[in-house]
Amino acid sequence: MQIQLIQGEFNSHEALELISKMIQTKIAYHENKISNHLNEEDIKYRETKIKFLQNELMQVRNALINANKNVVLNANLQIA
């Protein structure tokens, strides 16, 4: 099964808003799991994932702000 989440052309500010919200949702998911008192290994794994996502968001933000043009976004969710 596949779900088309995003498909289209957006200005850089709209694209950044969509991407930011998606990444923030994923970060919130990991933070929620951490707050459920998981074992130390799982907490470290999730903290690493959060740092990775924050870094990716920063890179995307820098690229889109510097681009200041329309970009095409495609986001699919594949359920296997």
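Derivation of every value follows stated rules applied to the coordinates shown; laboratory data play no part. The structure displayed is predicted, hence computed values, not measured ones. Cβ coordinates were reconstructed from backbone atoms using ideal geometry, including for glycine residues, and neighbour counts include every protein chain displayed.
Please find the FRET efficiency linking Gln7 to Glu40, where r is the Cβ-Cβ separation and R0 is fixed at 25 Å, and quote it to the nearest 0.05.
Calculated value: 0.05.
Project the alpha carbons of the chain onto their principal axes and report the range along each, largest first, in whole Å.
Each principal axis gives a Cα extent; for the chain these are 44, 33, 14 Å.
Summing -39500 (n - 2.57) over the DSSP H runs of n ≥ 4 in the chain and dividing by its residue number, what mean residue ellipticity at 222 nm do you reach, to the nearest 500 deg cm²/dmol?
Mean residue ellipticity, 222 nm, calculated: -23000 deg cm²/dmol.
Residue-wise, which Karplus ³J(HN,Hα) couplings in Hz belong to region 8-16, taking 6.51 cos²θ - 1.76 cosθ + 1.60, θ = phi - 60°, and x for glycine or proline?
Couplings: x, 9, 9, 6, 4, 6, 5, 4, 4 Hz.
What's the magnitude of the charge dipole for the chain around its Cα centre, counting Lys and Arg as +1 and Asp and Glu as -1 at the beta-carbon? Answer in Debye, nearest 20.
80
Within the chain, how many lysine pairs that are 8 or more places apart, or on different chains, have C-alpha atoms less than 26 Å apart?
Count of close lysine pairs: 11.
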